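Just passing along the structure, written as structure tokens.
The values are calculated or read from the model by the stated rules, or taken from the named source; none is laboratory data. Predicted model only: the values in this text are computed from it and were never measured. Ideal geometry is used to build each Cβ from the backbone, glycine not excepted, and the neighbour counts take in all protein chains shown.
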Amino acid sequence: MTNRQTVRVPLALAIVLAALVAACAKQSPPVARPTPPPPPPTTTQPERLPEPPQPVVEPVPVPPEPLLEEDLNARDLDTLNRDSPLLPAFFAFDSQEIDDAARATLDANADLLRRYPNWVVTIEGHCDERGTAEYNLALGERRALSARAYLIQVGVSGDRLRTVSYGKEFPFDPGHDEVAWAKNRRAHFVITSK
């Protein structure tokens, strides 16, 4: 080998070696990146789901206390009807039959009407919202007539008792459930003259 060749081989080797080193330097081994620390534990408890609402059970309306007799004589018709001493009689669904509770109410109303023989009363027949307007007007009329017939049977003069049906038009309770409907199926009493 000549001097030139001797220099060429190591030189070529050095160039190849430098190229390898440069190539390796470009592809440095991957370094693991540090992971962020986990968040500190929270001291508050996770939000609880709200409890489901409890069903609302509305009480059956309690009629107002009857007025004292001396108060009744002094009151005008508007005041008498606003704080009516005559209580409504309630009916079962799709019925005009007088049950025991309605009978007790009508007996109390008859006693009061006997004490005030000059009172003229309109018995309003009412229904709940179910059914057609025509059907409810007819049912309301049957309820008013049924209450009137019972009062006549227990001694109230029929010429003092008028009837009218409002069907489902004037509910006591505007709700749309059985509690509201039970309040709306009634014979309601209005003193029209005294």
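So, in the stretch 148-176, how many residues would count as being assigned to a loop (DSSP other than H, G, I, E, B), among the acidic types (Asp, Glu) and over 30 Å from the mean Cα position of the chain (by Cα)?
The qualifying residues number 0.
While we're on this one: Tally the residues that are closer than 14 Å to SER146 by Cβ and without any contact (Cβ under 8 Å) to a residue 40 or more places away in the chain, restricting the search to the stretch 102-129.
Total satisfying the criteria: 1.
Looking at the stretch 158-193 only, could you name the residues that are within 24 Å of TRP119 (Cα to Cα) and free of Cβ contacts under 8 Å to residues at least 40 places away in the same chain?
Within the stretch 158-193, GLY158, ASP159 meet the criteria.
Restrict the check to the stretch 72-88 and report whether at least one residue is within 26 Å of PRO174 (Cβ to Cβ), assigned to a loop (DSSP other than H, G, I, E, B) and of a type in the set (S, T, N, Q).
yes
Output yes when any residue across the stretch 107-125 is under 29 Å from the mean Cα position of the chain (by Cα), farther than 14 Å from LYS194 by Cβ and modelled with pLDDT of 95 or more, and no when none is.
Checking the stretch 107-125: at least one residue is under 29 Å from the mean Cα position of the chain (by Cα), farther than 14 Å from LYS194 by Cβ and modelled with pLDDT of 95 or more.
Here's something else I'd like to know. So which residues in the stretch 166-194 are of a type in the set (Gly, Ala, Ser), modelled with pLDDT under 95 and touching a helix residue (DSSP H, G or I) at 6+ places or on another chain (Cβ under 7 Å)?
GLY167
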